[in-house]
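J.: Before we start, here is the structure in question, set down as structure tokens.
The values are calculated or read from the model by the stated rules, or taken from the named source; none is laboratory data. From a predicted model like this one, the values you see are computed outputs, not experimental measurements. With ideal geometry, Cβ positions are generated from the backbone for all residues, glycine too; neighbour counts draw on all protein chains shown.
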Amino acid sequence: MTTDIRSTSWVNPNHPAPAQKPPASEVGVLGWLHTNLFSGIWNSILTIVTLIWLYYIVTGVVQWAINAYWEPIWVNRKLFAVGQYPMEQLWQPALVLMMVSLLFGLSAGRWGNIMRNLGIGLGALLLALAIIPIGLLAQIVMAVSLALLLAGYFIGARFAISSKWLAIAWVLSLPATFVLLLGGIYLPALDIAWSFAPLVETNLWGGLMLTMLLAVVGIAFSFPIGVLLALGRRSTLPVVKVFCVGYIELIRGVPLITLLFMGMTMLPLFIPSDWGNPSQLVRAMTAITMFSAAYLAENVRGGLQAIPKGQYEAADALGLRGFDKLRFIILPQALTKVIPAIVGQFIGLFKDTSLASLVGLLELVAVGKAVIQQPEWLGVPGGVAKEVYVFVAFVFFIFSFGMSFASRRLESKLGFGKR
Amino acid sequence: MASSTLRNQRPPFYRDTRTIAIMLQVLFLIAVLVVGWFLYNNMATRLASGNTAAGGALSWNFLGQTAGFGISEGPTFRPEESYGRAYIVGVINTLRVGVVGIILASVLGLFAGIARVSNNWLLNKLAMVYVEIFRSTPLLVQLLFWYVGVIAALPTIQEAAPLGALGYLTNRGMYLTWVYPSETGQALTWWLLGGVIVGMIVAWLRRRQLERQGVPGSGFLAGALVFAIIFVAGFLLTLLTATMPAATAYELRRGDRGTLFEDSNGNGAFEPDIDRALAYVPITLYGADNQVVATGLTDGDGAFRFVDLPAEASRLEWTKPAPLVISEPQRQGFNFSGGISVTPEFAALLLALVAYTGAFIAEIVRAGINAVNKGQWEASRALGLNTRATLRMVVLPQALRVIIPPLTSQYLNLVKNSSLAIAVGYPDLFNVSRTIVNQTGAEVQGILLVMATYLTFSLITSLFMNWYNKRVSLVER
């Protein structure tokens, strides 16, 4: 007897009732609209009001952007990029860009994570600049940098490059950048002067290059100081502790601009007169480093506090002494933990370097101010200030938002924000 | 035996951790002192060699010297006053923009932060765009954009169109309708003050009563009601009883300007030291043929001035004003009179600080709301509270504990960031200090003064916020 079970009368053929489709208002586009925009009367009113508002903002902005006078930015693109750096020596900053691209590629391949995200961002930027007709030579430089970035990535991913050497290369890249941009090594205090190209004075450096340099130097130089301050703040020696707390709180309590003015006018007072006067760039960098160190110390302190006490005790149990304990157990863990915070601080510092324009450095904002005042644009009705500042803000936005996005992706991957 | 001798032996003094600690600290102190002395010595040498205008010693005498420059904003400051007072005016200007900025940024940040956690997708994303744009661009660029790009592009005073009854927006500043206590309203200030005090006491009593009865709610409503009653009663009483001084007199010069004042000695002339000016009194100017040539209000100093009158005025009449008068800005030639004016510098600085800090506060509020356990939302919904009530009575009070510490540092940042005023020429404390330094050459003293002031602000704000934090923090068993 192989009757179909459904043919027997005691089984309701419709018993597991066929699944019904969800109502149209809950799935698809309509469902999305319903849950996200029109889930109630209040919500619907809100949506409509926001829509009307958005319409005016968007049409206003688009209309403005179409009618705006973008000529000054296009004409001055070199000024925005590197300031008054001599035209015939632009290969020097180009070399710096290539070096940094290669290092980024290698690090992205070797370390992944945040470096990979930042590398992708840099790559996208280089690609865009290689395509936009900003000038043949500049485009070639961007393309070569992009190639180096990709090559570095594959080398870093494929071959086991020593992390230590890569880190050393990063550390050396900073003095190398200075040598390349200056066109030689100049240390008047030690009587050293060696050059491979005509000297480019630091007052000719400018634009985005200078903005970047100020932020990088601010973080890099403040790093050792910040770590020492953080350790000092957690020290059991009262004198050291008081000194470190005093320094950190003093610096954090005053605005950066006071430190910049202080650096500009008082730094020359503090060094012996036979050492001469430091250049404006050095003064600004000193002020920014002093400022950044205090904030970095607080970030590192956060990392140190996040290390469980057991780690210290385990290190003690292994017989490690003070310095070795820090070097091998505590700092590696603490510093890894604070990478996102340091990226955040770098973004903040990157934005804060705009204040250097108030003490006479020709960084991005100062270039913008100079462009607005160029006589060519005096006849433009309403001036070109809006266009220039929107562009400057846009450049800052790309870098800050890009970096914070890269860092946030890392955080969500590690699950920092979710706990 | 050997081990016990080892245990009894004290380690040599250079291996004793206590000795090492002391030695290290002494060494550190010596190093700091040597470096400090080196720096101080260099400074003293350079200052003494007269390289700078400070001319040698670190003296503070310059604070008493005549400033010789005017300050365009804030409390009246005349060039013949001292540098010390100029600095105080700067401090007041910083506080002015700081306090208004903190209030507005908190409101903006709260709304944007709530929008960031809204279920409404559109509002949520709109708030996100606002936060990301304003957080990711430098404050200085935003400030210059508002100042040079937006405010400077507003219509000129001649072309400005009124914004309804609000006032005018021009590239020389905002001129807004404002309410002032008039000559007869001087007593009203006391009523106002009394109303606030009594209202606060009533609110406090009401809260205690509610607590004793175990009823939820705050005493705010009761306090506000009492305050309103006292204020209205005071207003009506002043309106009915207050009179203009019997010896009211006026001075009319050149047929279009003058002062209204209480003539104490009856000599008919306005002497600022003896006579009292009458503020915000409605006046009517009559010409030679008794026709009305102008009507208006006296200003805060009892003065009035009209431009482009059809005929010269020869006579003036005043009427008794209400305790509070509405003063509308009126175009007078190349300027406005009446109302309240906000300079473009103040407006740009305030706008930039509020928009920038508001974006940061929005993120803090969002993080605070997200930090509240989801179960709290669900429990509140289960009790039958709607979204708004849940937010107001359940979520926000708990989120506040997470919000307060980072909010404190944002408030401090706002005050510190107001030093960017120097970029647009608003005379805040830092800007004034630079002017003082440029004139006197007191470089070191100027920096020390500014740093000490900002540190004081930080200290006071931290103390207040710590107190508030303690008040709202969870009382655990």
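J.: Please verify whether the stretch B:392-400 includes one or more residues that are more than 30 Å from B:TYR83 (Cα to Cα), facing chain A (nearest Cβ under 10 Å), more than 21 Å from the chain's Cα centre (by Cα) and of a type in the set (D, E, K, R). Give the derivation first.
T.: The first filter runs over the stretch B:392-400 and keeps only residues more than 30 Å from B:TYR83 (Cα to Cα), leaving B:392-400.
Applying the additional criterion that residues be facing chain A (nearest Cβ under 10 Å) yields none.
Looking for residues that are more than 30 Å from B:TYR83 (Cα to Cα), facing chain A (nearest Cβ under 10 Å), more than 21 Å from the chain's Cα centre (by Cα) and of a type in the set (D, E, K, R), one finds none in the stretch B:392-400, hence no.
J.: Report, by residue number, each residue of the stretch A:257-282 that is surrounded by 14 or more Cβ atoms within 10 Å (Cβ to Cβ) and facing another protein chain (nearest Cβ under 8 Å).
T.: Passing the criteria: A:ILE257, A:THR258, A:PHE261, A:MET262, A:THR265, A:MET266, A:PRO268, A:LEU269, A:PHE270, A:ILE271.
J.: So which residues in the stretch B:127-168 are of a type in the set (Phe, Trp, Tyr) and within 7 Å of another protein chain (Cβ to nearest Cβ), if there are any at all? Spell out how you get there, then give the answer.
T.: Residues of the stretch B:127-168 of a type in the set (Phe, Trp, Tyr): B:130, B:134, B:145-147, B:168.
Matches in the stretch B:127-168: B:PHE145 only.
J.: Checking A:ALA393 against (1) out of contact with any helix residue (DSSP H, G or I) (no Cβ under 6 Å at 6 or more places or on another chain); (2) free of Cβ contacts under 8 Å to residues at least 24 places away in the same chain; (3) assigned to a helix (DSSP H, G or I): exactly one of these is not met. Which one?
T.: (1)
J.: Let me confirm something: among A:GLY402, A:GLY382, which residue is closer than 30 Å to A:TRP64 by Cα, within 10 Å of chain B (Cβ to nearest Cβ) and not in a helix (DSSP H, G or I)? Show your work before the answer.
T.: On the way: A:GLY402 fails: not in a helix (DSSP H, G or I).
Being closer than 30 Å to A:TRP64 by Cα, within 10 Å of chain B (Cβ to nearest Cβ) and not in a helix (DSSP H, G or I) holds for just one of A:GLY402, A:GLY382, which is A:GLY382.
J.: Test B:LEU58 against the stated conditions and say whether it is at pLDDT 85 or above, within 30 Å of A:PRO268 (Cβ to Cβ) and surrounded by fewer than 18 Cβ atoms within 10 Å (Cβ to Cβ). Break it down stepwise before answering.
T.: Values: at pLDDT 85 or above: no; within 30 Å of A:PRO268 (Cβ to Cβ): yes; surrounded by fewer than 18 Cβ atoms within 10 Å (Cβ to Cβ): yes.
No.
J.: Determine whether A:ILE114 is at pLDDT 90 or above, within 20 Å of A:GLY344 (Cβ to Cβ), β-branched (Val, Ile, Thr) and surrounded by 15 or more Cβ atoms within 10 Å (Cβ to Cβ).
T.: Numbers: at pLDDT 90 or above: no; within 20 Å of A:GLY344 (Cβ to Cβ): yes; β-branched (Val, Ile, Thr): yes; surrounded by 15 or more Cβ atoms within 10 Å (Cβ to Cβ): yes.
Here the answer is no, as A:ILE114 does not meet what is asked.
J.: In the stretch A:239-256, which residues are facing chain B (nearest Cβ under 7 Å) and aromatic (Phe, Trp, Tyr)?
T.: The answer is A:PHE243, and nothing else.
J.: Looking at (1) within 18 Å of the chain's Cα centre (by Cα); (2) more than 9 Å from chain A (Cβ to nearest Cβ); (3) more than 24 Å from A:LEU269 (Cα to Cα), which one does B:LEU463 not meet, given that it meets all the others?
T.: Condition (1) is where B:LEU463 drops out.
J.: Could you list all residues from the stretch A:369-379 that are touching a residue at least 60 places away in the same chain (Cβ under 8 Å) and not in a loop (DSSP other than H, G, I, E, B)? Break it down stepwise before answering.
T.: First, the residues of the stretch A:369-379 that are touching a residue at least 60 places away in the same chain (Cβ under 8 Å): A:370-372, A:374, A:376-377.
Scanning the stretch A:369-379 gives A:ALA370, A:VAL371, A:ILE372, A:GLU376, A:TRP377.
J.: Name, by its number, the condition in (1) in contact (Cβ under 8 Å) with a residue 60 or more places away in the chain; (2) more than 19 Å from A:TRP205 (Cα to Cα) that does not hold for A:ALA317.
T.: (1)
J.: I'd like to check something: does the stretch A:299-306 contain any residue that is under 26 Å from the mean Cα position of the chain (by Cα), within 14 Å of chain B (Cβ to nearest Cβ) and touching a residue at least 60 places away in the same chain (Cβ under 8 Å)?
T.: First, pick out the residues of the stretch A:299-306 that are under 26 Å from the mean Cα position of the chain (by Cα): A:299-306.
Then drop every residue that is not within 14 Å of chain B (Cβ to nearest Cβ), which leaves A:299, A:302.
Filter again for touching a residue at least 60 places away in the same chain (Cβ under 8 Å), leaving A:299.
Looking through the stretch A:299-306, at least one residue is under 26 Å from the mean Cα position of the chain (by Cα), within 14 Å of chain B (Cβ to nearest Cβ) and touching a residue at least 60 places away in the same chain (Cβ under 8 Å).
Yes/no matrix, rows are residues, columns are (1) under 30 Å from B:LEU237 (Cα atoms); (2) surrounded by 17 or more Cβ atoms within 10 Å (Cβ to Cβ); (3) at pLDDT 90 or above; (4) basic (Lys, Arg):
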site	(1), (2), (3), (4)
B:ASN335	no, no, no, no
B:GLU363	no, yes, yes, no
B:TRP377	no, yes, no, no
B:LEU391	no, yes, no, no
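J.: In the stretch A:407-417, is there at least one residue being within 30 Å of A:VAL227 (Cβ to Cβ), touching a Gly at 6+ places or on another chain (Cβ under 9 Å), at the interface with another protein chain (Cβ under 9 Å from one of its Cβ atoms) and of a type outside the set (D, E, K, R)?
T.: No, the stretch A:407-417 contains no residue that is within 30 Å of A:VAL227 (Cβ to Cβ), touching a Gly at 6+ places or on another chain (Cβ under 9 Å), at the interface with another protein chain (Cβ under 9 Å from one of its Cβ atoms) and of a type outside the set (D, E, K, R).
J.: Would you confirm, using the coordinates I've provided, whether B:TYR454 is within 13 Å of another protein chain (Cβ to nearest Cβ) and either among the hydroxyl-bearing types (Ser, Thr, Tyr) or not in a helix (DSSP H, G or I) (or both)?
T.: Values: within 13 Å of another protein chain (Cβ to nearest Cβ): yes; either among the hydroxyl-bearing types (Ser, Thr, Tyr) or not in a helix (DSSP H, G or I) (or both): yes.
Taking the combined requirement at face value, the residue satisfies it.
J.: Since B:GLN330 meets every condition but one in (1) closer than 20 Å to B:GLU159 by Cα; (2) surrounded by fewer than 20 Cβ atoms within 10 Å (Cβ to Cβ); (3) under 24 Å from the mean Cα position of the chain (by Cα), which condition does it not meet?
T.: The failed condition is (3).
J.: Then there's this: Go through the stretch B:249-293 residue by residue and tally those that are of a type in the set (Gly, Ala, Ser) and exposed (fewer than 15 other Cβ atoms within 10 Å of the Cβ).
T.: Of the residues in the stretch B:249-293, the ones of a type in the set (Gly, Ala, Ser) are B:249, B:255, B:258, B:264, B:266, B:268-269, B:277, B:279, B:287-288.
Adding the requirement that they be exposed (fewer than 15 other Cβ atoms within 10 Å of the Cβ) leaves B:264, B:266, B:268-269, B:288.
Residues in the stretch B:249-293 being of a type in the set (Gly, Ala, Ser) and exposed (fewer than 15 other Cβ atoms within 10 Å of the Cβ): 5 in total.
J.: Among the helices (runs of 4 or more DSSP H) contained in the stretch A:237-341, which hold 2 or more residues that are over 28 Å from A:THR353 (Cβ atoms)? Walk me through it before giving the result.
T.: Numbers: elements: A:238-253, A:256-270, A:280-305, A:309-317, A:331-337.
Passing ranges, in order: A:238-253, A:309-317, A:331-337.
J.: Moving to a separate point now. Could you say whether any residue in the stretch A:314-326 is within 14 Å of another protein chain (Cβ to nearest Cβ), more than 18 Å from the chain's Cα centre (by Cα) and of a type in the set (A, V, I, L, M)? Full working, then the answer.
T.: Here is the first cut: in the stretch A:314-326, the ones within 14 Å of another protein chain (Cβ to nearest Cβ) are A:316, A:321-323.
Subset that is more than 18 Å from the chain's Cα centre (by Cα): A:316, A:321-323.
This time we only want the ones that are of a type in the set (A, V, I, L, M), so: none.
Among the residues of the stretch A:314-326, not one is within 14 Å of another protein chain (Cβ to nearest Cβ), more than 18 Å from the chain's Cα centre (by Cα) and of a type in the set (A, V, I, L, M), which makes the answer no.
J.: Would you call B:ALA359 touching a residue at least 60 places away in the same chain (Cβ under 8 Å), touching a strand residue (DSSP E or B) at 6+ places or on another chain (Cβ under 7 Å), of a type outside the set (D, E, K, R) and in a helix (DSSP H, G or I)?
T.: Working: touching a residue at least 60 places away in the same chain (Cβ under 8 Å): yes; touching a strand residue (DSSP E or B) at 6+ places or on another chain (Cβ under 7 Å): no; of a type outside the set (D, E, K, R): yes; in a helix (DSSP H, G or I): yes.
It is false that B:ALA359 is touching a residue at least 60 places away in the same chain (Cβ under 8 Å), touching a strand residue (DSSP E or B) at 6+ places or on another chain (Cβ under 7 Å), of a type outside the set (D, E, K, R) and in a helix (DSSP H, G or I).
J.: Let me ask you something else. Anything in the stretch B:100-126 that is of a type in the set (Gly, Ala, Ser) and at the interface with another protein chain (Cβ under 10 Å from one of its Cβ atoms)? List them, or say none. Steps first, please.
T.: In the first step, residues of the stretch B:100-126 are kept if they are of a type in the set (Gly, Ala, Ser); the result is B:101, B:105-106, B:109, B:112-113, B:115, B:118.
Of everything in the stretch B:100-126, those that are of a type in the set (Gly, Ala, Ser) and at the interface with another protein chain (Cβ under 10 Å from one of its Cβ atoms) turn out to be B:ALA115, B:SER118.
J.: Can you tell me which of (1) buried (at least 22 other Cβ atoms within 10 Å of the Cβ); (2) among the hydroxyl-bearing types (Ser, Thr, Tyr); (3) within 10 Å of chain A (Cβ to nearest Cβ) is the one B:THR94 doesn't meet?
T.: Exception for B:THR94: condition (3).
J.: While we're looking at this one, here's another question. For the stretch A:195-222, give me the residue count where each residue is at pLDDT 90 or above and surrounded by fewer than 18 Cβ atoms within 10 Å (Cβ to Cβ).
T.: Looking only at that region, the number is 2.
J.: Mind listing whichever residues of the stretch B:414-432 are more than 9 Å from every other protein chain (Cβ to nearest Cβ) and not in a loop (DSSP other than H, G, I, E, B)?
T.: Initial filter on the stretch B:414-432 (more than 9 Å from every other protein chain (Cβ to nearest Cβ)): B:414, B:421, B:424-429, B:431-432.
B:LEU414, B:ALA421, B:LEU429, B:ASN431, B:VAL432, listed by residue number.
J.: Related question: Whether any residue in the stretch A:224-236 is closer than 30 Å to A:ILE329 by Cβ, surrounded by 18 or more Cβ atoms within 10 Å (Cβ to Cβ) and within 22 Å of the chain's Cα centre (by Cα) is what I want to check.
T.: Restricting attention to the stretch A:224-236, the residues satisfying the condition of being closer than 30 Å to A:ILE329 by Cβ are A:224-236.
From the residues that got through so far, the ones that are surrounded by 18 or more Cβ atoms within 10 Å (Cβ to Cβ) too are A:226-227, A:229-233, A:235.
Then keep just the ones that are within 22 Å of the chain's Cα centre (by Cα); that gives A:226-227.
Yes - at least one qualifying residue is present in the stretch A:224-236.
J.: Any residue that is farther than 21 Å from A:LYS386 by Cα, surrounded by fewer than 21 Cβ atoms within 10 Å (Cβ to Cβ) and not polar (S, T, N, Q) - is there at least one of those in the stretch B:137-154? Reasoning before the result, please.
T.: Just the residues of the stretch B:137-154 that are farther than 21 Å from A:LYS386 by Cα, to begin with: none.
No, the stretch B:137-154 contains no residue that is farther than 21 Å from A:LYS386 by Cα, surrounded by fewer than 21 Cβ atoms within 10 Å (Cβ to Cβ) and not polar (S, T, N, Q).
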